[in-house]
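> Before I ask anything, here is the structure I am working with.
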């Protein structure tokens, strides 16, 4: 395990919701807690909820840097911002490893993988599979493509 590895979990803004601050990024909080429990201590969360002005959003996006691994939570209402964040991350550090998950990628994993620019897409619950993604980054193997977490992955069958 690399003690110098740094991970940032990002909750993009959503300007389609009246007040997205009323829902804290619980998925990212669970993932961060799980990683810390598994001895990954250098994990932080960048919560952009509540940011409304385009200039402030652009400033926050520019400040998302300096990590080795990024986990981005994504809803339908913030997918375009998630893509912009990924584009920024990859333009400033091509060696970074970006994983996207959440309701939107879980519902459209192939589209998200082909369109977002992320290295991997997590479908379902991300606590365990995101740790696997980080482990793969640390050991140099880098999981890519669509990664299935715990839970129902074929939502069309229900």
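> Springs between alpha-carbon pairs under 10 angstrom, Gaussian network model over the chain: which of 101, 140, 124 fluctuates most?
Greatest mean-square fluctuation among the candidates belongs to 140.
> Another question, then. In percent, how large is the relative contact order of the chain, given Cα pairs closer than 8 Å and 6 or more residues apart?
23
> Let me ask something else. Can you sort 38, 5 so the residue with the fewest Cβ neighbours within 10 Å comes first?
38, 5
> Running a GNM on the chain with Cα contacts under 10 Å, which residue among 135, 115, 47 ends up with the highest mean-square fluctuation?
115
> With labels modelled as points extended 7 Å from the Cα through the Cβ direction, what inter-label distance (nm, one decimal) is found for residue 92 paired with residue 76?
3.1
> Can I ask one more? If you build a Gaussian network model of the chain, linking Cα atoms that sit under 10 Å apart, which residue out of 50, 126, 117 swings the most?
Most flexible of the set in this elastic network: 50.
> Contour minus end-to-end for residue 65 and residue 36, with contour as 0.36 nm per residue of separation and end-to-end as the Cα-Cα distance?
Length difference between fully extended and current span is 8.4 nm.
> Based on the mean of other beta carbon atoms within 10 Å per residue, what is the order of 76-85, 53-62, most packed first?
76-85, 53-62
> The stretch 21-41 to the stretch 47-123: how many Å between their Cα centroids?
Computed from Cα coordinates, the inter-centre distance equals 17 Å.
> Going by C-beta contacts inside 10 Å, put 16, 74, 133 in order with the fewest on the left.
16, 133, 74
> Calculate how many DSSP beta bridges within the chain are antiparallel, expressed in % of all such bridges and rounded to the nearest 5.
Of the beta bridges lying entirely in the chain, close to 5 percent run antiparallel.
> Can you sort 139, 132 by how many other beta carbons sit within 10 Å, fewest first?
Starting with the residue having the fewest Cβ neighbours, the order is 139, 132.
Throughout, read-outs are computed from the coordinates displayed, never taken from laboratory work. Just so you know, these numbers come straight off a predicted model, no measurement behind them. We place every Cβ from the backbone using ideal geometry, glycine too, and count neighbours over all the protein chains shown.
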